[in-house]
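The values are calculated or read from the model by the stated rules, or taken from the named source; none is laboratory data. None of these values were measured; they are calculated from a predicted model. Cβ sites come from the backbone with ideal geometry, for glycine too, and all protein chains shown count toward neighbours.
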Amino acid sequence: MDQAKLYSEFNNLQMRDDLYILEKYWHLIKLPKKAMKVMDVGSGDGKFTVKHLVEKIPKFEKLVAVDISESMTNFAKQNHVHENVEFLKFDIASQHIPDGFHNSFDYIFSFMCLHWVENQRAAFKNIFEFLKRGADFFAVFVVHNPLTIAVRDLLESSRWKHYNHDKYWPGFQYGTNPKEELQNLLTQTGFVNVRCHIEEMTYTFPNLESLDGFALSLNHVIVSEISIEDREDYIREYLRIVRTLPSVTIRKEDGEGDETATLAYKYFVAIGTKQ
């Protein structure tokens, strides 16, 4: 399974939501008027970074786009070249920091990434350390997605439980008060002027194949760890669960054409300043 190619083909939902949230909250994003050094955390295949985020930033001397996946980073380098954008393989929660990252960035963005980070505290600590004093970060990430809940439920079954471990359940999806938990984490990290919002969203896939493709693109890490002889069974069972989730509504308009699938989910939008 080619992770980057699969993601690039089926990430219309995330692309649409990134653009929607960027436009809705742009008035809260205070960019310096000087030429800036910017970071994008979790840049994925690079398309949103180069095609959209770059267009919104009036002046920047360099944009460093980091992603933990080598295949994503290579895909971005090959398909979304920009003279002022550098794609780097880097784990935002890592203790091994590249030269020139500390106190170096005028703004840090992150779109649809941080919910995958197991050590949230380490990730936000690095973001804080990488920012210059007085600089802001803007992050969008999942607070509730039934597709990842489907993965959890499947991995708790007897057949697949030996693949189940904590790294698949990071973030705030299973907390009792996720907004308060996030605000506390950001404040404890040292951020001021912290603002956290929850966006409730829906997306309608034009057919069930598109839903399946998107679900698998989110599930690629676990699929890659399952043995070759069991992989088809796992995928089949996972997609069966996805199609029966309460948050997934499947309908056929007027009894004709393809069945559509509407997914309901929630995002965090978080903003903070390094004092």
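Being more than 20 Å from Leu28 (Cα to Cα), surrounded by 15 or more Cβ atoms within 10 Å (Cβ to Cβ) and either touching a Leu at 6+ places or on another chain (Cβ under 8 Å) or at pLDDT 90 or above (or both) is a property that Ala135 lacks.
Does Lys30 count as under 18 Å from Phe137 (Cβ atoms), in a loop (DSSP other than H, G, I, E, B) and in contact with a strand residue (DSSP E or B) (Cβ under 7 Å, 6 or more places away or on another chain)? Here the answer is yes, as Lys30 does meet what is asked. Checking Ile108, Ile92, Ile127, Ile97 one by one, the residue that is touching a Cys at 6+ places or on another chain (Cβ under 8 Å) and modelled with pLDDT of 95 or more is Ile92 and no other. Looking across Phe109, Phe105, Phe75, Phe87, one residue alone is closer than 24 Å to Lys274 by Cβ and touching a Lys or Arg at 6+ places or on another chain (Cβ under 9 Å). It is Phe105. If only residues of segment 82-96 that are over 13 Å from Phe130 (Cα atoms) and within 15 Å of the chain's Cα centre (by Cα) are counted, the one that is surrounded by the most Cβ atoms within 10 Å (Cβ to Cβ) is Phe90. Lys24 meets the stated requirement of being part of a helix (DSSP H, G or I) and of a type in the set (Lys, Arg).
Residues considered: Asn177, Asn184, Asn193. Of these, the only one that is over 22 Å from the mean Cα position of the chain (by Cα) and polar (S, T, N, Q) is Asn193. In segment 31-48, the residues that are in contact (Cβ under 8 Å) with a residue 12 or more places away in the chain and farther than 15 Å from Lys62 by Cα reach residues that are assigned to a helix (DSSP H, G or I) and polar (S, T, N, Q) with C-beta atoms within less than 6 angstrom, at least six apart or across chains, in these pairs: Asp45/Ser8.
The set of residues in segment 186-215 being surrounded by 18 or more Cβ atoms within 10 Å (Cβ to Cβ), over 27 Å from Arg251 (Cα atoms) and out of contact with any strand residue (DSSP E or B) (no Cβ under 7 Å at 6 or more places or on another chain) consists of Thr189 alone. Screening segment 216-236 for residues that are crowded, with 16+ Cβ neighbours inside 10 Å and touching a Lys or Arg at 6+ places or on another chain (Cβ under 9 Å) and picking the one that is nearest to Ala4 (Cα to Cα) gives Val223. Listed conditions (1) in contact with a strand residue (DSSP E or B) (Cβ under 7 Å, 6 or more places away or on another chain); (2) within 30 Å of Ala215 (Cβ to Cβ); (3) crowded, with 22+ Cβ neighbours inside 10 Å; (4) not polar (S, T, N, Q) are all met by Tyr7, apart from (1). The helices (runs of 4 or more DSSP H) found entirely in segment 197-275 that carry 3 or more residues being within 17 Å of the chain's Cα centre (by Cα) and modelled with pLDDT under 90 are 208-218, 220-225.
When residues in segment 235-275 are screened for being touching a helix residue (DSSP H, G or I) at 6+ places or on another chain (Cβ under 8 Å) and either farther than 20 Å from Gln173 by Cβ or not aliphatic (A, V, I, L, M) (or both), 18 of them pass.
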